[in-house]
Each structure stands twice: as C-alpha cells, then as structure tokens.
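Nothing in this text is a laboratory measurement; each read-out follows from the coordinates by a stated rule. Not measured: the values here are computed from a predicted model. Positions of Cβ are generated from backbone atoms using ideal geometry, with glycine treated the same way; all protein chains shown enter the neighbour counts.
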Amino acid sequence: MLLFDYSDKFIYTFVIVEKGGDHRLIELKNIRKSFDGKEILKGIDLKVDKGDVLVIVGPSGSGKTTLLRCINFLEKPDAGTVSNDGFTVDSKKASRKDILTLRRKTAMVFQHYNLFKNKTVLENVMEGLVIAKKIKKGEARKISLELLKKVGLEEKTDAYPAQLSGGQQQRVGIARALALNPSVILFDEPTSALDPEMVGEVLAIIKEIAQEGITMIIVTHEIDFARDVASSVVFMDGGTVIEKGTPDEVFNHPQHERTKKFLRRLIHEPEYTI
Amino acid sequence: MAVIDLAFAIKHLPDVLKGVPATLAITIIAMICGLFSGLLISFIRIFKLPVLNQGAVLFISFIRGTPLIVQLYMFYYGLPVLFDYLNGRFGLQFNADNIHPLYIAFIAYTINTSAYQAEIMRGAIQSVDRGQMEAALSIGMTVPQALRRIIMPQAFRTALPDLGNTFIHLIKATSLAFAVKVMEILAISRTIANDGYRFLEMYLVAALLYWLLSWIFEIVFTKLEQKVSRYEKAQQSPVKRFYSVRQLKT
C-alpha cells in the first residue's frame with residue numbers, strides 16, 4: 001500500500017491504494033436497533049472502502065438515517081460492531097471513550113444543518129478543531145477560513161447562523177465537517193430541508209469534495225445526484241439492505257421488485273443543474 | 001396636620017435607606033447561590049439521577065407549595081432545635097443565637113429561590129434544540145464540553161427573562177425577612193412608623209424604595225438580554241414582524 005500525503009495541498013490526505021490492497025475503511029457487522037419494540041435495523045452488514053462515495057436510498061422509515069447515525073453512535077446500536085479506520089467498537093461493550101474515539105473519526109452534515117446558534121460562522125467551523133482536536137486557535141482559524149472560502153462563504157465569517165439562508169447554513173455545515181479532516185463524512189439528507197433553488201448549490205459542493213477523494217456516506221432522496229456522485233449505492237427497505245451495487249446496477253438495472261417499485265415512484269427529470 | 005405628613009417621610013428616609021444594603025445583599029446572594037444550586041438540581045432532574053431525582057422533585061414541590069414566610073419561620077425556629085440535637089449527639093458547641101439573622105436569611109432565601117431557578121433552568125436547557133447537542137457530539141465534543149460551550153449559553157439566553165423576573169420577585173420577597181429579625185427596608189420602615197404613628201407615610205417610603213430598586217434591576221436585565229441575544233439579531237420576533245406587515249397594509 002502506498003500512501004502519498006500532499007500536505008501542501010491543505011489538510012487532505014490523498015490515498016492511492018494498490019489493487020488488492022487492504023483499503024477497507026468502514027465495516028458494519030450485524031447492526032440491530034429497535035425503538036419502542038419496533039425493529040428499525042434488522043442486522044445490517046456494510047462495507048465502505050477508502051475514497052468511496054456510498055449513497056443510501058430507500059423509502060421513509062426504511063432505517064437509512066438510523067443506520068447512518070449508528071456509524072457515529074448518535075444512535076447506539078442494540079447489537080453489532082462498527083469499525084472505522086482500524087478501530088472497532090462492539091455496541092454491547094462500548095465505553096464512553098470508545099464512542100468518543102469512534103466519533104472523532106467521523107463528521108456529520110445534518111438535514112437541519114444544526115449549526116451552533118450561539119457561534120458565528122467562523123466559530124462554528126473552528127469549534128471542533130479547537131475543542132475536540134486541540135488545535136491552536138490561530139491555525140484553526142486559518143484552516144476554517146480556507147474552508148469557508150472553499151464553500152463560498154468567506155464574506156459571512158462573522159455572521160450568525162440565523163442571518164444565513166438555508167443553503168448558506170448547510171454550506172457552513174459542510175465546512176464544519178470538512179475542517180475535522182475525518183476519515184468519513186456522513187450526510188443525513190443534506191438537502192431535504194432546503195428550498196428547491198438552494199439544493200443545487202449544496203449538491204455542487206458535495207460533488208466537488210467527493211471528487212477530491214474524501215470518503216462519504218450520503219443518505220439522500222436526490223436520485224439524479226446519487227447517480228452522478230455515487231461510487232456505490234445501497235437500497236434499504238424495512239430495516240434491511242435489499243440491494244447493493246454501482247449506481248448503474250441499482251438505478252438502471254435493479255434486480256429486486258421493491259427497488260424497481262421505489263425507483264418508479266422517485267425517478268423524474270432533474271429540476272436543477274449541478 | 002396634613003393628611004399625609006411628607007416632612008415626616010422625608011425626615012426618616014435616610015434611616016430607611018440603611019435597610020437597602022440588607023435587602024440587596026439577601027437578593028444578590030440568594031440569586032447567585034440559588035442559580036448554582038438550581039443548576040445542580042436541574043441537572044439531577046434532566047439526567048434523572050436515581051434517588052436524587054425523586055428527592056429533587058419532592059424538594060421543589062415542597063418549596064413551591066409552602067409560603068416563603070412559613071419556610072422562614074421553620075428555618076428560624078428549626079435551627080436552634082437542630083443545633084441542640086447536634087450538640088447533644090456529637091458534643092458540639094453550636095449556638096444558634098450567635099448566628100447573624102442575615103446569614104439565616106441568606107440560606108433560607110437561597111434554598112427557596114433554588115427551587116424556582118431549578119425549574120427555570122430545566123425548562124431552558126430542555127428547550128435547546130436537540131440537534132445542537134447532536135452536532136456538538138458529532139464533531140467530537142464530550143457531553144460536558146457540549147453543555148458548557150453550546151447548550152448552556154443558549155439555555156441562559158432563553159432563561160434570562162425568567163431569571164430577571166425571579167430577581168425582581170426576590171427583591172420584594174426580602175420584605176418578609178423581618179420574620180427572622182433582619183433589619184431591611186420594611187422592618188426599619190415599620191419600626192419608625194410604630195414610633196411616630198405614621199404608618200401610611202412609612203409604607204409609601206418603603207414602596208417607593210422597592211419600586212426604585214426593581215426598576216433599576218429591570219433596566220440591568222434588559223441590557224443584559226440585549227447583550228446576550230446578539231446572535232438572534234437577524235431573527236425578528238414573530239410578533240413584531242406580524243405587526244409591521246399589518247402596518248404596511250393599512
């Protein structure tokens with residue numbers, strides 16, 4: 001396995017992996033989760049390679065968001081193991097420290113942005129660097145400004161989240177996640193709460209960072225976007241993985257009746273351009 | 001002789017002013033200590049710590065369900081009994097008579113207001129969107145870090161108007177401290193009124209002083225609210241927005 005660290009090109013580490021090398025990044029085994037006696041996840045197994053963009057699609061209530069939240073233990077699975085970047089946590093024996101270690105390998109972009117309301121845009125991005133990663137303020141500031149520039153918000157650094165549009169807030173959310181330089185970024189329906197005219201700007205940025213080789217797991221309803229950025233697609237229904245494959249396999253040649261039914265309802269002409 | 005003897009009131013105003021420090025001391029100390037113990041109780045309730053949670057529920061219910069003056073009397077007459085018991089049991093030399101009435105008031109008012117402030121803070125903390133905690137955890141913060149840096153600042157912002165009310169309420173509630181022999185504004189006014197048979201005058205003086213103090217702290221809290229709500233400036237209050245829309249239409 002060869003690793004090239006282009007540290008001059010900011011904080012990202014580009015990883016080139018030889019064919020056949022061990023490039024597994026995330027592995028979920030037999031993840032189970034119930035709420036109030038209702039089983040939401042019925043033993044999910046999932047593998048994500050370094051640099052993969054995995055898109056999870058499925059009808060509401062299929063458990064896709066819950067699955068995503070199990071990866072960083074915002075939901076604690078009832079059973080199963082979560083591995084991320086060589087660190088494995090068994091949900092039944094997870095200590096507080098294990099969960100923190102696992103979480104610090106991930107970052108999440110939320111449906112409702114969840115920017116810290118009492119912090120400015122710049123502080124929102126810096127927060128994780130300074131508090132969780134213990135990076136010096138000056139350096140954290142530099143990294144954050146760079147990322148805000150990347151998402152096109154260098155003019156808004158001193159604004160508070162309430163002063164921004166939904167699309168701008170979500171772009172800050174993406175910058176906040178990027179700042180942590182996580183091994184994977186989890187996107188939980190990042191455009192579902194946005195006005196239609198703002199969906200495009202957010203998807204464009206996600207696509208841009210996807211092309212930089214950052215591993216991502218995206219839960220979304222935007223099938224056209226998924227087709228565009230995904231390296232693999234998972235279709236979930238009723239708490240199980242029904243189908244997994246390349247976007248072409250899952251979207252154009254679905255094997256299962258449930259996938260076909262779901263896609264018939266969902267696929268339509270794109271309303272935006274990326 | 002006039003119906004209201006203003007000269008008498010003015011003449012004794014300086015004497016009554018001597019009660020202001022006691023009034024303010026009780027208010028401010030009870031407010032601050034009550035906030036800390038109230039926060040502690042609110043966390044016990046939010047995290048549902050076993051046994052302590054039930055204790056907290058009982059405590060809050062009792063404090064809110066009994067008159068302050070009864071609590072003050074219980075404290076005042078209970079303390080010597082408690083000291084006697086402790087002295088007899090452990091051979092200690094506590095003497096309730098040596099305790100300055102002001103200290104009794106500090107403790108009694110702190111206990112009383114902590115119950116109210118616990119409920120205010122509990123409501124404020126729980127009103128913070130749970131997404132804020134999730135976001136904080138997702139970027140690798142610990143729960144205490146998230147509470148300190150994200151949740152509590154927002155909770156205090158929400159709680160501030162209620163805390164302001166509690167403070168004003170406390171100022172006025174100190175007038176009951178005469179029950180434990182504290183010489184504050186009302187106790188002094190009453191003593192002077194008794195001596196000079198001028199009751200209305202002295203109660204007017206007391207009323208004016210309480211009003212003045214409350215008014216000053218109302219301003220202080222309004223300023224404080226403006227200062228901490230800077231991050232909400234972009235958001236117009238819904239009422240105000242509705243009002244201005246109506247104005248445009250008519």
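One table, with the values for the structure above:
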quantity: Compactness index (Cα Rg / 2.2 N^0.38 Å), chain A; calculated: 0.99
quantity: 0 to 90° range, to nearest 10: angle between helix B:68-90 axis and chain B longest Cα axis; calculated: 80
quantity: Rounded to whole Hz, the Karplus (6.51, -1.76, 1.60) HN-Hα couplings of region B:33-46, x for glycine and proline; calculated: 5, x, 5, 5, 5, x, 4, 4, 5, 5, 5, 4, 6, 5
quantity: Kirkwood hydrodynamic radius (C-alpha pairs) into Stokes-Einstein, the protein assembly as shown, 10 °C and 1.306 mPa s, D in µm²/s; calculated: 58
quantity: Residue among A:G43, A:Q170, A:P196 farthest towards the positive dipole end of chain A, charges placed on Cβ; calculated: A:G43
quantity: Set of lysines with alpha-carbon distance to A:K97 below 17 Å, sequence-local pairs under 8 removed; calculated: A:K76, A:K105, A:K133, A:K134
quantity: FRET efficiency estimate (nearest 0.05) - Cβ-Cβ, B:V81 to B:I4, R0 45 angstrom; calculated: 0.50
quantity: Cut-off under 5 Å, modelled amide H: who pairs with A:I44 long-range; calculated: A:N30, A:I31, A:R32
quantity: Interatomic Cα distance distribution for chain B, bins of 5 angstrom, percent; calculated: 1, 6, 10, 12, 13, 13, 12, 10, 8, 7, 4, 2, 1, 0, 0, 0, 0
quantity: Charge dipole magnitude, Cβ of K and R +1, D and E -1 - the protein assembly as shown, Cα centre, debye nearest 20; calculated: 760
quantity: Region B:6-249: relative contact order as a whole-number percent, Cα under 8 Å and 6+ apart; calculated: 29
quantity: Rotationally averaged projected area of region B:104-213 (alpha carbon convex hull; nm²); calculated: 8.4
quantity: Percentage relative contact order, chain A, counting C-alpha pairs under 8 Å, at least six apart; calculated: 22
quantity: Listed residues B:A193, B:L52, B:A105: farthest to the positive end of the dipole of chain B (Cβ charges); calculated: B:L52
quantity: Cβ-Cβ FRET estimate between B:L17 and B:I99, R0 fixed at 35 Å, reported to 0.05; calculated: 0.85
quantity: Given charges at beta-carbon only (K, R positive; D, E negative), |dipole| of chain B in Debye; calculated: 1040
quantity: Size of region A:164-274 as Cα extents on the principal axes (Å, biggest first); calculated: 42, 31, 24
quantity: Percentage relative contact order, region A:20-123, counting C-alpha pairs under 8 Å, at least six apart; calculated: 25
quantity: Ranked B:R230, A:R141, criterion: other C-beta atoms within 10 Å, fewest first; calculated: B:R230, A:R141
quantity: Distance in nm between pseudo-label sites at A:F35 and B:F47 (7 Å out along the Cβ direction from Cα); calculated: 2.6
quantity: Label-point separation in nm, A:S231 to B:K181, each point 7 Å along Cα→Cβ; calculated: 8.2
quantity: Inter-label distance, nm, simple model (7 Å from Cα along the C-beta direction), A:L145/A:S60; calculated: 4.4
